[in-house]
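The values are calculated or read from the model by the stated rules, or taken from the named source; none is laboratory data. Please read all numbers here as calculations on a predicted model, not as lab measurements. Positions of Cβ are generated from backbone atoms using ideal geometry, with glycine treated the same way; all protein chains shown enter the neighbour counts.
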Amino acid sequence: MLLKDIKTFVVGNPPPHFGGQWFVFVKLTTNDNVSGIGESYGVPFHPDLVAALLEDVFGRYLAGQDPHDIEALTRRVYSSGFTQHPDLTTMGVFSALEMACWDIIGKAAGEPVYRLLGGQVHERLRSYTYIYPRPDQGSEIYHDAALSAERAHDYLRQGFTALKFDPVGPYSAFDGRQLSLEALDRSEQFVRVLREAVGSRADLLFGTHGQMTAAGAIRLARRLERYDPLWFEEPVPPDSPEEMARVARATTIPIATGERLATKYDFARLLRAGAAAIWQMNLGRVGGLLEAKKIAGMAETHHVQLAPHLYCGPVVGAANVQLATCSPNFLILESIERWQGFHSDILKKPIRWQDGYVIPPTEAGLGVELNEEFALRHPYHGNRLHLEMDGRPGA
């Protein structure tokens with residue numbers, strides 16, 4: 001079995017853009033016509049360039065190779081161009097290709113990928129969602145605690161038992177920063193109002209995006225502790241795990257991080273620093289499934305739990321499900337609501353969500369198939385990146 005062909009799909013994610021402006025999927029096919037799909041996350045270039053990078057890396061390192069040889073393929077791409085360093089672009093591209101290889105491997109074996117990575121541990125996977133606005137609501141929900149609390153009740157009725165939100169304010173190219181007193185008050189009010197609204201029926205996940213310095217994050221954490229959030233996410237920028245560890249030592253709230261990290265080497269720095277109790281690797285960036293499984297094993301040795309990150313399309317989501325199912329230290333899975341709407345339509349068969357849990361698939365490979373005709377009907381025509389930071393200093 002040798003890798004023969006590649007096809008890429010640059011898909012525009014229509015409004016309200018939950019999961020990002022666009023998704024980049026890839027399909028690999030072998031010489032005996034077994035196909036696998038993957039998805040890239042967070043490469044900071046136009047998606048057409050991401051598609052070109054997928055084709056370039058495939059042509060240089062994967063074409064003509066056996067998709068089973070994941071270790072060798074990983075080392076060759078990781079070292080590409082005399083790098084041997086956790087490069088987010090390189091790993092974002094390779095993650096999609098590696099994911100597609102695992103889809104092929106699973107289909108060839110007639111087994112879900114999780115059975116090839118250690119077997120099934122969890123029969124169902126607890127999931128959470130961001131508090132997103134209803135169609136009749138606008139973006140003010142992200143700044144209005146009362147509206148968020150009202151929306152939280154909708155999610156509880158659907159079956160969710162954990163909800164995430166980020167009231168701190170825009171993330172900026174100039175972060176970390178000291179929050180203003182207004183931002184501190186708003187953040188504390190958000191958690192207070194939500195805790196009063198949901199009581200003990202749901203965990204609250206305080207999501208930030210590296211907006212603070214360690215000192216600023218500690219000030220905020222002390223205000224939030226009385227409301228018992230499940231985690232305080234990426235309180236400082238991801239380039240300094242040592243600073244994040246300062247926050248971890250100063251608060252009783254578990255620190256979660258990892259969506260902007262790649263490879264076991266980045267996560268080893270977290271481990272050495274003691275920076276986080278919960279790791280949130282994104283399978284479309286971290287280096288793929290095998291790399292994520294190695295990271296999961298590293299985490300397990302220090303009683304660190306896993307909460308795979310998702311702010312992209314459902315193919316990364318399907319890979320997250322495979323990793324979570326076979327990982328003893330799995331904690332919770334990020335969903336974009338219930339995987340409905342565009343996230344369902346882009347697949348031939350949607351990810352199965354039931355009463356607050358994702359049910360692992362029994363189909364071979366990743367357990368999902370891309371609806372290629374639907375994908376081709378939704379090309380991306382814009383010029384925005386998947387996510388963009390504010391170019392002005394925050395307050």
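Brief remarks on what is shown
- Annotation note: of Val121, Val168, the sole residue that is closer than 20 Å to His209 by Cα, among the hydrophobic types (A, V, I, L, M, F, W, C) and either under 24 Å from the mean Cα position of the chain (by Cα) or not in a strand (DSSP E or B) (or both) is Val168.
- Residue in the range 324-341 that is in contact with a strand residue (DSSP E or B) (Cβ under 9 Å, 6 or more places away or on another chain) and among the acidic types (Asp, Glu) present: yes
- Glu55 passes every criterion in (1) in contact with a Ser or Thr (Cβ under 7 Å, 6 or more places away or on another chain); (2) more than 27 Å from Ala364 (Cβ to Cβ); (3) of a type in the set (Asp, Glu) apart from (2).
- Just one of (1) in contact (Cβ under 8 Å) with a residue 24 or more places away in the chain; (2) under 30 Å from His378 (Cα atoms) fails for Tyr61. It is (1).
- Residue list for the range 255-295, restricted to those being surrounded by fewer than 24 Cβ atoms within 10 Å (Cβ to Cβ), over 20 Å from Glu242 (Cα atoms) and not charged (D, E, K, R): Leu290
- Met298, sole failed condition from (1) touching a residue at least 40 places away in the same chain (Cβ under 8 Å); (2) over 21 Å from Ile105 (Cβ atoms); (3) of a type in the set (A, V, I, L, M); (4) surrounded by fewer than 24 Cβ atoms within 10 Å (Cβ to Cβ): (1)
- Single condition Ser200 does not satisfy, out of (1) surrounded by fewer than 21 Cβ atoms within 10 Å (Cβ to Cβ); (2) in a helix (DSSP H, G or I): (2)
- Counting the residues of the range 206-251 that are in a loop (DSSP other than H, G, I, E, B) and either closer than 19 Å to Leu88 by Cβ or aliphatic (A, V, I, L, M) (or both) gives 9.
- Arg134 vs. criteria free of Cβ contacts under 8 Å to residues at least 60 places away in the same chain, surrounded by fewer than 17 Cβ atoms within 10 Å (Cβ to Cβ) and part of a helix (DSSP H, G or I): no
- Filtered residue count, the range 179-192, keeping only those that are surrounded by 17 or more Cβ atoms within 10 Å (Cβ to Cβ) and touching a residue at least 40 places away in the same chain (Cβ under 8 Å): 4
- The strands (runs of 3 or more DSSP E) found entirely in the range 1-103 that carry 2 or more residues being surrounded by fewer than 24 Cβ atoms within 10 Å (Cβ to Cβ) and either assigned by TED's automatic domain parsing to the domain that holds Ala319 or at negative phi (or both) are 3-12, 22-30.
- The requirement of being under 24 Å from the mean Cα position of the chain (by Cα), closer than 22 Å to His309 by Cβ and at pLDDT below 95 is fulfilled somewhere in the range 141-149, by at least one residue.
- Residue ID - farthest from Pro14 (Cα to Cα), chosen from residues in the range 324-335 that are in contact with a helix residue (DSSP H, G or I) (Cβ under 7 Å, 6 or more places away or on another chain) and surrounded by 24 or more Cβ atoms within 10 Å (Cβ to Cβ): Ser327
- First in the range 87-111 and under 16 Å from Val368 (Cβ atoms), second anywhere and part of a helix (DSSP H, G or I), Cβ under 6 Å, 6 or more apart: Met99/Ala319; Trp102/Val113; Trp102/Leu289; Gly106/Val113
- Annotation note: of Arg285, Arg269, the sole residue that is under 27 Å from His209 (Cα atoms) and assigned to a loop (DSSP other than H, G, I, E, B) is Arg285.
- For the range 22-34, the tally of residues that are farther than 16 Å from Ala318 by Cα and over 19 Å from the mean Cα position of the chain (by Cα) stands at 7.
- Test: residue in the range 214-223 that is within 21 Å of the chain's Cα centre (by Cα) and either farther than 27 Å from Gly118 by Cβ or among the aromatic types (Phe, Trp, Tyr) (or both): no
- In the range 224-239, the residues that are in the same structural domain as Ala183 (by TED's automatic domain parsing) and over 9 Å from Ile255 (Cβ atoms) form Cβ pairs under 9 Å with partners that are aromatic (Phe, Trp, Tyr) and not in a loop (DSSP other than H, G, I, E, B), at six or more places apart or across chains, as follows: Leu224/Phe206; Leu224/Phe232; Tyr227/Phe206; Pro229/Phe206; Leu230/Tyr128; Leu230/Phe206.
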